[in-house]
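Chemist: Structure in structure tokens, see below.
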Amino acid sequence: QKEVEQDPGPLSVPEGAIVSLNCTYSNSAFQYFMWYRQYSRKGPELLMYTYSSGNKEDGRFTAQVDKSSKYISLFIRDSQPSDSATYLCAMRGTSGTYKYIFGTGTRLKVLA
Amino acid sequence: NAGVTQTPKFQVLKTGQSMTLQCAQDMNHNSMYWYRQDPGMGLRLIYYSASEGTTDKGEVPNGYNVSRLNKREFSLRLESAAPSQTSVYFCASSESANNYGYTFGSGTRLTVV
């Protein structure tokens with residue numbers, strides 16, 4: 001079993017929909033969580049990061065961490081065709097500073 | 001602002017050949033990283049450099065070597081390329097080890113035949 005699981009998609013939604021992207025993990029020591037967006041043939045770019053549990057909002061994006069369920073989510077409101085990309089989650093514990101574990105990514109297509 | 005620049009963007013190698021992937025950042029970041037990305041595997045850390053003058057192994061270091069040439073530049077060398085090293089390679093940098101904001105380059109697509 002992988003430490004971080006992410007549905008590969010593709011997830012297709014109509015423009016304006018609310019999108020929910022999710023990752024599950026098995027290591028209860030994970031405390032730092034990040035979401036990256038990766039356009040085709042480009043490098044990942046950081047969207048959101050959260051520490052421990054709770055919600056964090058930035059514009060149309062909300063990151064949510066549920067440590068009791070070992071489950072994190074990224075919500076995108078009012079999705080746009082420009083949001084079409086692969087979304088990667090990444091996480092680590094408090095030790096092993098550099099050892100982020102990345103999910104395999106979920107491909108999102110927002111249809112105009 | 002260029003951010004993180006990787007060269008080359010594409011490369012085809014024959015098994016056994018060697019090559020060096022170059023990475024440079026212009027953000028005055030202390031920490032730099034090399035990742036590989038394979039279908040179904042996610043990004044995996046090959047080597048990292050916490051600061052100028054230091055390098056350490058990541059998750060998948062076998063078959064690779066690195067050099068932190070100065071604060072700006074971090075190169076990845078394949079001494080004897082193997083088909084298993086066919087991948088997309090990303091260089092990234094961050095202000096420090098505790099900084100969540102990794103900035104990635106646009107990648108090098110390497111094919112070993």
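Chemist: Where in the stretch B:1-91 are the strands (runs of 3 or more DSSP E), entirely inside, with at least 2 residues that are of a type in the set (Ser, Thr, Tyr)?
Modeler: Numbers: elements: B:4-7, B:10-13, B:19-25, B:31-38, B:42-49, B:64-68, B:74-78.
By residue number, B:4-7, B:31-38, B:42-49, B:64-68.
Chemist: Kindly indicate whether B:Tyr33 is among the aromatic types (Phe, Trp, Tyr) and more than 14 Å from chain A (Cβ to nearest Cβ). Don't jump to the end; show me each part of the working.
Modeler: Numbers: among the aromatic types (Phe, Trp, Tyr): yes; more than 14 Å from chain A (Cβ to nearest Cβ): no.
Spelling it out, it is not the case that B:Tyr33 is among the aromatic types (Phe, Trp, Tyr) and more than 14 Å from chain A (Cβ to nearest Cβ).
Chemist: Search the stretch B:33-60 for residues that are among the acidic types (Asp, Glu) and pair each with any residue that is loosely packed, with under 15 Cβ neighbours inside 10 Å when their beta-carbon atoms are under 8 Å apart and the residues are at least 6 apart or on different chains.
Modeler: Taking only residues 6 or more apart or on different chains, the pairs are B:Glu52/B:Asn70; B:Glu59/A:Lys99.
Chemist: If a residue must be farther than 23 Å from A:Pro14 by Cβ and outside any strand (DSSP E or B), how many such residues does the stretch A:48-90 contain?
Modeler: Selection size over the stretch A:48-90: 6.
Chemist: Taking the condition farther than 21 Å from B:Val4 by Cα and within 14 Å of another protein chain (Cβ to nearest Cβ), does A:Asp66 pass? Before you say what the answer is, go through the steps one by one.
Modeler: Details: farther than 21 Å from B:Val4 by Cα: yes; within 14 Å of another protein chain (Cβ to nearest Cβ): no.
Considered against the rule, which asks whether it is farther than 21 Å from B:Val4 by Cα and within 14 Å of another protein chain (Cβ to nearest Cβ), A:Asp66 comes out as no.
Chemist: A:Ser20 fails exactly one of the following numbered conditions: (1) surrounded by 16 or more Cβ atoms within 10 Å (Cβ to Cβ); (2) over 26 Å from B:Gly58 (Cα atoms); (3) polar (S, T, N, Q). What is the number of that condition?
Modeler: Unmet condition: (1).
Chemist: Hey, can you tell me all the residues within the stretch A:69-92 that are in contact (Cβ under 8 Å) with a residue 60 or more places away in the chain and away from chain B (no Cβ under 13 Å)?
Modeler: If the condition is that a residue be in contact (Cβ under 8 Å) with a residue 60 or more places away in the chain and away from chain B (no Cβ under 13 Å), then A:Asp78, A:Ser79, A:Gln80, A:Pro81, A:Asp83 are the ones that fit.
Chemist: B:Leu78 fails exactly one of the following numbered conditions: (1) surrounded by 16 or more Cβ atoms within 10 Å (Cβ to Cβ); (2) within 14 Å of chain A (Cβ to nearest Cβ). What is the number of that condition?
Modeler: Result: B:Leu78 passes all but (2).
Chemist: Give A:Tyr39, A:Tyr100 a once-over and let me know the one that is surrounded by 17 or more Cβ atoms within 10 Å (Cβ to Cβ), within 14 Å of chain B (Cβ to nearest Cβ), in contact (Cβ under 8 Å) with a residue 40 or more places away in the chain and not hydrophobic (A, V, I, L, M, F, W, C).
Modeler: When all the criteria are applied, what remains is A:Tyr100.
Chemist: Looking only at the stretch B:71-113, count how many residues are over 19 Å from B:His29 (Cα atoms) and either out of contact with any strand residue (DSSP E or B) (no Cβ under 7 Å at 6 or more places or on another chain) or acidic (Asp, Glu) (or both).
Modeler: Taking the stretch B:71-113 and keeping what is over 19 Å from B:His29 (Cα atoms), we get B:77-89, B:108-113.
Applying the additional criterion that residues be either out of contact with any strand residue (DSSP E or B) (no Cβ under 7 Å at 6 or more places or on another chain) or acidic (Asp, Glu) (or both) yields B:79-80, B:84.
Adding up the residues that qualify gives 3.
Chemist: Another one. For B:Leu43, which of the numbered conditions (1) at the interface with chain A (Cβ under 10 Å from one of its Cβ atoms); (2) modelled with pLDDT of 95 or more fails to hold?
Modeler: (2)
The values are calculated or read from the model by the stated rules, or taken from the named source; none is laboratory data. What you see is a predicted model; the values in this text were computed from it and never measured. Neighbour counts are summed over all protein chains in view; Cβ atoms, including those assigned to glycine, are modelled from backbone coordinates with ideal geometry.
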